[in-house]
1. Could you list B:HIS132, B:HIS284 so that the one with the fewest beta carbons within 10 Å of its beta carbon is first and the one with the most is last?
2. Rank B:PRO222, B:PRO133, B:PRO180 by mean-square fluctuation in a GNM of chain B with C-alpha springs under 10 angstrom and give only the top-ranked residue.
3. Two-decimal Rg/Rh of chain B from alpha-carbon positions, Kirkwood Rh?
4. By how many degrees, 0 to 90 and rounded to 10, does the Cα axis of helix B:162-177 deviate from the longest principal axis of chain B?
5. In the structure shown, do any of A:LYS125/B:LYS266; B:LYS35/B:LYS266; A:LYS53/A:LYS110 have a Cα-Cα gap over 29 Å, and if so which?
6. Restricting the count to DSSP beta bridges whose residues both fall in chain B, what percent are antiparallel, rounded to a multiple of 5?
7. Please report the antiparallel percentage of the DSSP beta bridges confined to the protein assembly as shown, to the nearest 5.
8. Where a Cα-Cα gap under 15 Å defines reach, which aspartates and glutamates qualify for B:LYS178, not counting those fewer than 8 residues away within the same chain?
Amino acid sequence: MRVPRYWRNKLFRYRLVGWRCINCGAFHHFKPLVCKRCGSRGFREVELPKTGKLLAYTVVKIAPADFKDKAPYLIGLVELDDGTRILAQLTDFSQDELKDGARVEAVLRKIREDGESGIIEYGYKFRPLVG
Amino acid sequence: MRDVAIIGVGMTKFGRLEGKDLMDLLAEASLNAMKDANVENKEIDAVYVGNMLSAAINHQTAIASSLVDRISIFPAAADKVENGPASGGSAVKNGFLAVASGVYDLVLVVGGEKMTSADTDVLTDYIATMTHPTAEYVHGITLPALAAMLMRIYMQRYGVTERHIAMVAVKNHKNGMKNPYAHIHREITIEGAMQSVMISDPLRLYYTCPISDGAAAVILCPADKAEEYRDKPVKIIGVGQATDVQCVHEREDPAVLKSCRIAAEKAYKMAGITPKDIDVAEVHDAFEILELVESEDVGLFEKGKAHLAVEKGVTEIDGEMPINPSGGLKARGHPVGATGVAQIVELVWQLRGEAGERQIKKDAKRALACNFGGFGNNTVIHILEAMWK
């Protein structure tokens, strides 16, 4: 991942802020020119809820080159409380807490250190929601 | 639009092919197909080369021009077609359109990939670049991880167990044992598969295709001229391609491969047939869960029921609906750009009755190939028919 590509997307990576289509409600994590679902062109900025539930998860053991040192790590499909689905790494899970349907909340965490440019990337991961 | 026939097929062995580079593989498969079609070099009007990773892992671009040079088919028009793991299927589709349109009469389509020279983590990364750059790739997603989550959803929803997935792998390994072109020649057991190394929980090594080198090729011409070249021509009676939202999590239902459904509907409509008319299929089992999902979404089984067919042996070589008689991506191997073409090569052999020990038992007239790109966001379907039956 090149640094500018990461930086352009920082509002979403840090705060889960994106754009929702005024016509059909589809969520976009970057400012789109055209709605991917209905093709219309009007959007409003939204901040997604920080809590939701885990739809499915996996433990990645064979990782891409840049994540090799992090493996094994958890990745999950999360459905937020407003119904928006996103993909993210999971963190702070014990084996008992790790089950489909578990309640989760977003936290800001280190994602990785970029090999070529040396920057440290931060972004959201999801941890178990306690209580 | 003219009817289009396949008059020649050929491939290289798939596997870890030491001492052969990408161009060697493309050339070998092309020449095998030209020989099978009784076609001379200078007759070829155009070539379409399906390949995904030449620039990334073989440090070579413009490989279609290079192939013309290698096998002396000047001055044939030459294009590379890249559509991820559906590059081969897309290349065949482009060849079909070129002949159907009347622009070209004799077209070579070849797909190939040389993968084993790259390290696994580098390949895993390049293949992951198919995913959405800022919504999927950035999190360290891998294709096996997406397959693992699809497998988990299928297990939650349809009563599919890990044992069913292992049964698909066992069947494909058994078929691969009978295929001299297959990468993997190893019989496995359900228990052995269920104890194999975990790649991305619950996806194990034996539920995943290997990393392979190889190439496959077909020769196309107008159907009314096919018998001038050889007997038993096979007509392409249906072609369908469709796309879906890139991010798996943004799809209406992450357990439905909508691009497969729509591509299949389009192909059946063009062919004027229904799924009941299909006798044999090759589907894109890069992961064994996908054999179930695709065979349902192309209409061969009801949604959520393919694992029951596997239990009953329906998809075996001697079953009512043989799937992946070649061994599929699981055992034949998956040199990504070659796969879509290799599926069609296998089905032509099956229709002609030339598949040797893995020849399906029923007398097949129509066959379906499902080649799947991205994680199911771009699917190419071809339906073939034996012209002499």
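1. Numbers: B:HIS132 21, B:HIS284 29.
With the fewest neighbours first, B:HIS132, B:HIS284 line up as B:HIS132, B:HIS284.
2. In the Gaussian network model the winner is B:PRO133.
3. Values: Rg = 19.1 Å, Rh = 20.3 Å.
Checking Rg against Rh, the ratio lands at 0.94.
4. 30
5. On the way: A:LYS125/B:LYS266 40 Å; B:LYS35/B:LYS266 33 Å; A:LYS53/A:LYS110 22 Å.
Those over the limit are A:LYS125/B:LYS266; B:LYS35/B:LYS266.
6. On the way: 39 of 55 bridges.
Bridges in chain B that DSSP calls antiparallel: roughly 70 percent.
7. Numbers: 73 of 90 bridges.
Given both bridge residues lie in the protein assembly as shown, the antiparallel proportion sits at roughly 80 percent.
8. The qualifying aspartates and glutamates are B:GLU187, B:GLU316, B:ASP318, B:GLU346, B:GLU354, B:GLU357.
Rule-based calculations on the coordinates, nothing more; no lab input. Everything numeric in this text was worked out from a predicted model, so none of it was measured. Cβ atoms come from the backbone with ideal geometry, glycine included; neighbour counts cover every protein chain shown.
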